[in-house]
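Report on one structure; see the data block that follows.
The values are calculated or read from the model by the stated rules, or taken from the named source; none is laboratory data. Model, not experiment: these values are computed from the prediction. Because the Cβ atoms are built from the backbone with ideal geometry, glycine has one as well, and the counts that use them run over all protein chains shown.
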């Protein structure tokens with residue numbers, strides 16, 4: 001297996017062109033464009049900010065309108081043409097991109113997202129030390145075997161490197177590295193054992209899978225679960241799979257700029273229409289979020305859940321109203 005030492009990483013990243021990796025910024029670890037001198041934090045299993053907005057930015061311009069007399073000129077924003085590498089993505093975040101693919105690459109294809117997706121190479125990193133908030137295995141994700149273009153496993157003072165796709169082979173060929181015997185089976189077994197001992201590892205989806213949409217929707221448990229919800233949106237903005245957005249027009253003084261920005265189903269003005277708000281209570285909005293993750297999305301996507309067990313909502317919700325609690329509560333019979 002190819003092998004790279006940790007002290008060689010800055011030189012490697014510098015040779016890759018545009019690289020997005022978990023770096024320390026403003027007291028948090030976020031996936032952002034790596035620059036020489038940045039503090040690379042591959043030791044953090046779940047970055048505060050996922051790689052989502054590399055492909056689906058928090059805000060982006062779509063087009064501009066300019067009027068000259070009775071003539072209106074419409075100019076579309078150019079699609080991304082930059083090749084890049086996402087370095088150090090974990091198995092949960094890689095699966096999250098597949099969830100986004102189901103949304104943005106279905107007909108009609110979102111060409112802004114498509115352009116970025118096609119130009120990226122994903123270098124994944126197995127989770128040597130899963131966090132207490134992790135529960136990706138509940139959704140069938142293997143943190144010991146990231147499914148990406150190149151997979152890395154921490155081993156001593158470096159990483160085992162294995163190309164998994166044609167893109168990965170091409171990236172590997174541009175960097176010769178060195179060869180080393182890596183006991184991959186032992187490393188993977190250790191990772192799987194450690195995550196099996198995490199607090200949420202015993203979460204069970206059987207009750208969720210066996211529940212009808214009507215029964216889940218009408219469950220009396222939503223009232224108790226949503227009582228303390230602040231509607232702050234911390235869960236949606238930290239989630240690597242949430243894809244809701246709004247489209248707005250901004251008067252620049254020289255024309256109109258149309259852009260889209262992330263939105264949240266937890267906000268009281270989400271999907272606000274001339275006729276009013278279709279979900280008038282926080283209970284309804286709270287239920288919508290988790291019904292989408294656990295019911296609506298899998299029913300329309302071959303059983304794929306719109307949650308990857310990354311644990312960010314567990315850490316970010318100020319009222320501890322996370323999806324793990326919802327799964328556990330809905331699975332409790334007669335309580």
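What about residue 103, is it surrounded by fewer than 21 Cβ atoms within 10 Å (Cβ to Cβ), modelled with pLDDT of 95 or more and out of contact with any strand residue (DSSP E or B) (no Cβ under 8 Å at 6 or more places or on another chain)?
The answer is yes for residue 103.
Whether any residue in region 39-47 is in contact with a helix residue (DSSP H, G or I) (Cβ under 7 Å, 6 or more places away or on another chain) and touching a residue at least 60 places away in the same chain (Cβ under 8 Å) is what I want to check.
Yes; the residues of region 39-47 include at least one that is in contact with a helix residue (DSSP H, G or I) (Cβ under 7 Å, 6 or more places away or on another chain) and touching a residue at least 60 places away in the same chain (Cβ under 8 Å).
Give just the number: which of (1) part of a loop (DSSP other than H, G, I, E, B); (2) crowded, with 19+ Cβ neighbours inside 10 Å does residue 20 not satisfy?
Evaluating residue 20 over (1) part of a loop (DSSP other than H, G, I, E, B); (2) crowded, with 19+ Cβ neighbours inside 10 Å leaves (1) as the failure.
Could you run through region 57-87 and say how many residues are under 19 Å from residue 238 (Cβ atoms), touching a residue at least 24 places away in the same chain (Cβ under 8 Å) and part of a loop (DSSP other than H, G, I, E, B)?
Going through region 57-87 one residue at a time, the tally reaches 1.
Of the numbered conditions (1) at pLDDT below 95; (2) in a helix (DSSP H, G or I); (3) more than 20 Å from residue 312 (Cβ to Cβ); (4) in contact with a helix residue (DSSP H, G or I) (Cβ under 7 Å, 6 or more places away or on another chain), residue 175 fails exactly one; give the number of that condition.
(2)
I want to confirm something. Restricting to region 79-88 and keeping residues that are surrounded by 15 or more Cβ atoms within 10 Å (Cβ to Cβ) and touching a helix residue (DSSP H, G or I) at 6+ places or on another chain (Cβ under 8 Å), which single residue is farthest from residue 30 (Cα to Cα)?
Among residues in region 79-88 that are surrounded by 15 or more Cβ atoms within 10 Å (Cβ to Cβ) and touching a helix residue (DSSP H, G or I) at 6+ places or on another chain (Cβ under 8 Å), the one farthest from residue 30 (Cα to Cα) is 80.
Out of all the residues in region 243-257, is one or more closer than 27 Å to residue 90 by Cα and in a loop (DSSP other than H, G, I, E, B)?
yes
Within region 24-31, does at least one residue satisfy the condition of being assigned to a helix (DSSP H, G or I), under 26 Å from residue 133 (Cα atoms) and touching a strand residue (DSSP E or B) at 6+ places or on another chain (Cβ under 6 Å)?
So far as region 24-31 goes, no, none of its residues is assigned to a helix (DSSP H, G or I), under 26 Å from residue 133 (Cα atoms) and touching a strand residue (DSSP E or B) at 6+ places or on another chain (Cβ under 6 Å).
Restricting the search to region 36-51, which residues are in a loop (DSSP other than H, G, I, E, B) and touching a strand residue (DSSP E or B) at 6+ places or on another chain (Cβ under 8 Å)?
Matches in region 36-51: 38, 39, 41, 42, 44, 47, 48, 50, 51.
Quick one: is residue 54 over 16 Å from residue 23 (Cβ atoms), in contact with a strand residue (DSSP E or B) (Cβ under 9 Å, 6 or more places away or on another chain) and either without any contact (Cβ under 8 Å) to a residue 12 or more places away in the chain or not in a strand (DSSP E or B) (or both)?
No, not satisfied.
Among the residues of region 151-169, which ones are in contact (Cβ under 8 Å) with a residue 12 or more places away in the chain, part of a helix (DSSP H, G or I) and over 16 Å from residue 91 (Cβ atoms)?
Across region 151-169, the qualifying residue is only 167.
Within region 113-137, track down each residue that is over 28 Å from residue 174 (Cα atoms) and crowded, with 20+ Cβ neighbours inside 10 Å.
130, 133, 134, 135, 136, 137
All but one of (1) surrounded by fewer than 12 Cβ atoms within 10 Å (Cβ to Cβ); (2) over 25 Å from residue 118 (Cα atoms); (3) under 24 Å from the mean Cα position of the chain (by Cα); (4) at pLDDT 95 or above hold for residue 166, so report the exception by its number.
Residue 166 satisfies all of (1) surrounded by fewer than 12 Cβ atoms within 10 Å (Cβ to Cβ); (2) over 25 Å from residue 118 (Cα atoms); (3) under 24 Å from the mean Cα position of the chain (by Cα); (4) at pLDDT 95 or above except (2).
Sort out which residues of region 191-208 are touching a residue at least 24 places away in the same chain (Cβ under 8 Å) and part of a helix (DSSP H, G or I), and write them in order of number.
191, 192, 194, 195, 196, 206, 207, 208
Only one residue in 317, 313, 295, 307 is crowded, with 19+ Cβ neighbours inside 10 Å and under 15 Å from residue 216 (Cα atoms). Which one?
It is 295.
Taking the stated definitions as given, is residue 325 modelled with pLDDT under 95, more than 30 Å from residue 129 (Cβ to Cβ), more than 19 Å from the chain's Cα centre (by Cα) and surrounded by fewer than 21 Cβ atoms within 10 Å (Cβ to Cβ)?
Judged against the criteria, residue 325 is not a match.
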